[in-house]
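Colleague: Next up is a structure, given as structure tokens.
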Amino acid sequence: MSDTDSLQTRDARAVVHGLTDLSLHAKRGASVIQSGKGVWVRDIHGRDYIEAMSGLWCIALGYGNERLADVAQRQMKELAYYPLTNHKSHPPVIALAEKLLAMAPVPMARIWFASTGSEANDCAARLAWYFWNAVGQPEKRKFISHRLAYHGNTIASASLSGVSYAHDKFNLPLPGFLHVATPHFTRHAQPGETEEAFSDRLIADIERLIAAEGAHTIAAFFAEPVMAAGGIVVPPARYYEQLQHLLKKHDILLVCDEVVTAFGRTGKMFGSTTMHLRPDLLVCAKALSSAYIPISALMIGPRVYEAIERQSGELGLFGLTMTYSGHPVASAVALETLKIYEELRIVEHVQQIGPRLLDGLMHLRDHPLVKEVRGIGLLAGVELTPGRGRECARVAEEEGLIVRAIGDTIAFCPPLIISEDEVQELLRRFARALDRVYATGR
Ligand SMILES: Cc1ncc(COP(=O)(O)O)c(C=O)c1O
């Protein structure tokens, strides 16, 4: 048995993998990645791949960023850890919170930190409950989110998620987590329906649901500005405009889950800006540290924060705490990441390079396997004829391109720093994969 074989076998014997068929994994073993530089990763056999999914939608600055590694090392030496409990703080978390408040797409009052997107969404749900108790409406406890939305995998965030794999056999969702139609026009429009009529129909359905449940029982609506793991869904502009009117009318909080969309992904610094959303709470993670270290942030709007502060004063304590909330090393890395985005003018770069990717994929629309191409910024989905997604992702990997099959849709979410040449190489590899899959299926 060679060294490389033994790594694959050792993995299969020791590690549990998410979003993986575990019984198949026991037989086939892992694809073990050894190193990365920029948009490229190399496996233990020395094969190079373009990481067109940024890992899990996250390594925005690409691999091998020395500045981030140096900042982490410096902070570990200076102050490796300190809690934020009992009035304690430290310089990196203060600077990061100030920076995020200054960048926020709408005025925000304070930042709560956690380690992952799931935790931050969980905390958003907890804060919504805490808020409604503070303002004397304790019955406002239910949440609404979209079918196919992905909000994470803690018990609350998995309940918010609208994907069956997060629920089935896990006894989820919990009661009080309601799901409404995915605002995916091309998939769910009725024959002859315009985008406007489609949006109006979905909004009317949500209004009926709110009436049936009672607006006095609904705490918040969770929405991704652009749905990522749901298959790259850009809702029609009218849909979010109408949704916000509805939420305002019924005094329901809007939580924007920007775990994927924050920090340039959609061609604006925040997806909320791209989609004209004005959230009461905003969750970000992933690109916050370019995935170099786990950290997530929950931006809290003034109305919610004032009530939280007052209630915690009455109780003598704000009872939410996490050991790693505002971890100094993670805070320092995130702060440096945000600095690098500014220096690289990352938003302008995405505005320039995003259309290259999307136009290139659009050119493949005539391919017999392609049903639809959609996307925004550096986020794209190519929907294939039914049943070909997984096979296409596998063949793409053989062509040196890592993408993700979400059902029949191939998702692209490359590092934000991807260059023009790398986009062209990505497109060539994907086109070859499509041709090969088509040739084998004929
Ligand atoms: C939109 C969205 N929200 C939340 C999460 C959960 O984040 P994490 O995996 O860091 O818990 C994800 C993860 O992919 C996501 O895409």
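Where a number appears in this text, it was derived from the coordinates with a stated rule and is not lab data. Fair warning: this is a prediction, and the values are worked out from it, not measured in the lab. All Cβ positions, even for glycine, are placed from backbone atoms using ideal geometry, and neighbour counts span all protein chains on display.
Colleague: Looking at the chain only, what percent of DSSP beta bridges run antiparallel? Nearest 5 please. Working shown, then result.
Modeller: Working: 31 of 47 bridges.
For the chain, the DSSP antiparallel bridge percentage is about 65.
Colleague: Sticking with this structure for a sec: Sum -39500 (n - 2.57) across every DSSP H segment of at least 4 residues in the chain, then divide by the residue count to get the 222 nm mean residue ellipticity, nearest 500.
Modeller: Details: 16 runs with 193 residues, N = 442.
Roughly -13500 deg cm²/dmol at 222 nm, from the helical runs in the chain.
Colleague: Just want the ordering: Phe143, Phe185, from fewest to most Cβ atoms lying within 10 Å of their own Cβ.
Modeller: Details: Phe143 27, Phe185 19.
By the 10 Å Cβ count, ascending, the order reads Phe185, Phe143.
Colleague: May I ask you to derive the FRET efficiency for Thr323 and Arg208 from their Cβ-Cβ distance with R0 = 45 Å, giving the value to the nearest 0.05?
Modeller: 0.55
Colleague: Stokes-Einstein at 4 °C, 1.567 mPa s, Kirkwood radius from Cα pairs: D for the range 362-442 in µm² s⁻¹? Let's see the in-between values first.
Modeller: Values: Rh = 12.6 Å.
This corresponds to a translational diffusion coefficient of 103 µm²/s.
Colleague: What is the fewest-to-most order of Met322, Met269 by other Cβ atoms lying within 10 Å of their Cβ? Walk me through the numbers before you get to the answer.
Modeller: Values: Met322 16, Met269 23.
Ranked by crowding around the Cβ, least crowded first: Met322, Met269.
Colleague: I've got another one for you. For the chain, what is the relative contact order in percent, using Cα pairs closer than 8 Å and at least 6 residues apart in sequence? Before the final figure, lay out the partial values.
Modeller: Numbers: 842 pairs, mean separation 89.3, N = 442.
Dividing the mean separation by the residue count of the chain yields 20 percent.
Colleague: Among the aspartates and glutamates, select those whose C-alpha is under 17 Å from the C-alpha of Lys249, and discard any that sit fewer than 8 residues away in the same chain.
Modeller: Lys249 reaches Asp200, Asp205, Glu207, Glu213, Glu241, Asp280.
Colleague: Suppose each label sits 7 Å from its Cα in the direction of the beta carbon; what would the Asp421-Arg67 distance come out to in nanometres?
Modeller: Simple spin-label model gives 2.2 nm for this pair.
Colleague: If you average 1/r over all unlike Cα pairs in the range 68-344 and invert the result, what Kirkwood radius do you get in angstrom? Spell out each step's value before the answer.
Modeller: Values: mean 1/r = 0.0520 Å⁻¹.
Final number for the Kirkwood radius of the range 68-344 is 19.2 Å.
Colleague: Which of Ser23, Ser331, Ser161 has the fewest other C-beta atoms within 10 Å, and how do the rest follow up to the most?
Modeller: Details: Ser23 7, Ser331 27, Ser161 30.
Ascending number of Cβ neighbours within 10 Å: Ser23, Ser331, Ser161.
Colleague: Picking from Thr154, Thr266, Thr321, which is most flexible by a Gaussian network model of the chain using Cα springs under 10 Å?
Modeller: Judging by the Gaussian network model, the answer is Thr321.
Colleague: Taking 0.36 nm per residue of separation and subtracting the Cα-Cα distance, what length does fully extending His276 through Lys371 add? Before the final figure, lay out each step's value.
Modeller: Details: separation 95, 0.36 × 95 = 34.20 nm, distance 2.86 nm.
Between His276 and Lys371, full extension yields 31.3 nm more.
Colleague: What is the gain in length, in nm to one decimal, between His216 and Arg345 on full extension, counting 0.36 nm per residue of separation less the C-alpha to C-alpha distance? If you can, show how the numbers build up before the last one.
Modeller: On the way: separation 129, 0.36 × 129 = 46.44 nm, distance 4.43 nm.
Full extension from His216 to Arg345 adds 42.0 nm.
Colleague: OK, next. I want to check the label-to-label distance for Leu246 and Asp48. Put each point 7 Å from Cα in the C-beta direction and report it in nm to one decimal.
Modeller: The answer from the label model is 4.9 nm.
Colleague: While we're here: How about the range 112-187: which trypsin sites (Lys or Arg not before Pro) there lie in a loop by DSSP and see at most 13 other Cβ atoms within 10 Å? Don't skip to the answer; put the middle values down first.
Modeller: Numbers: sites: Arg126, Lys140, Arg141, Lys142, Arg147, Lys169, Arg187; in loops: Lys140, Arg141, Arg147, Lys169.
Here the sparse-neighbourhood loop sites are Lys169.
Colleague: Out of Ala262, Ile300, Pro183, whose Cα points farthest toward the positive end of the dipole of the range 68-344 (charges: +1 Lys, Arg; -1 Asp, Glu; placed on Cβ)?
Modeller: Of the listed residues, the answer is Ile300.
Colleague: In nanometres, what is the gap between the two model label sites at Asp11 and Ala439, each 7 Å from Cα along Cα-to-Cβ?
Modeller: In this crude spin-label approximation the distance works out to 2.8 nm.
Colleague: Excluding same-chain residues fewer than 8 positions from Lys37, which aspartates and glutamates have a Cα within less than 18 Å of its Cα?
Modeller: Cα-Cα hits under 18 Å: Asp48, Glu51, Glu66, Asp70, Glu397, Glu420, Asp421, Glu422, Glu425.
Colleague: Check every DSSP H run in the chain and write down those whose alpha carbon atoms cover 15 angstrom or more along the long axis and whose mean Kyte-Doolittle hydropathy is -1.0 or greater. Write out the running numbers ahead of the final one.
Modeller: Values: long enough: 3-14 (16 Å, -1.48); 66-78 (18 Å, -1.30); 91-103 (18 Å, 1.29); 117-134 (25 Å, -0.26); 195-213 (27 Å, 0.02); 237-249 (19 Å, -1.18); 302-315 (19 Å, -0.91); 328-344 (24 Å, 0.64); 346-362 (23 Å, 0.39); 420-441 (32 Å, -0.61).
Those that clear 15 Å and a mean of -1.0 are 91-103, 117-134, 195-213, 302-315, 328-344, 346-362, 420-441.
Colleague: For Leu56, put the label point 7 Å out on the Cα→Cβ axis and report which residues of the range 267-302 keep their amide N under 14 Å from it.
Modeller: Of the residues in the range 267-302, 285-287, 291-296 have backbone N under 14 Å from the label point off Leu56.
Colleague: OK, next. May I ask for the distance between the Cα centers of the range 364-410 and the range 184-230, given as a whole number of Å?
Modeller: With the range 364-410 and the range 184-230 each reduced to a Cα centre, they are spaced 26 Å.
Colleague: Based solely on C-alpha atoms, express the radius of gyration and the Dmax of the range 187-308 in angstrom.
Modeller: 15.5, 48
Colleague: On average, how much area does the Cα convex hull of the range 249-392 cover when viewed from any direction, in nm²?
Modeller: Numbers: hull surface 51.5 nm².
Result: a mean projected hull area of 12.9 nm².
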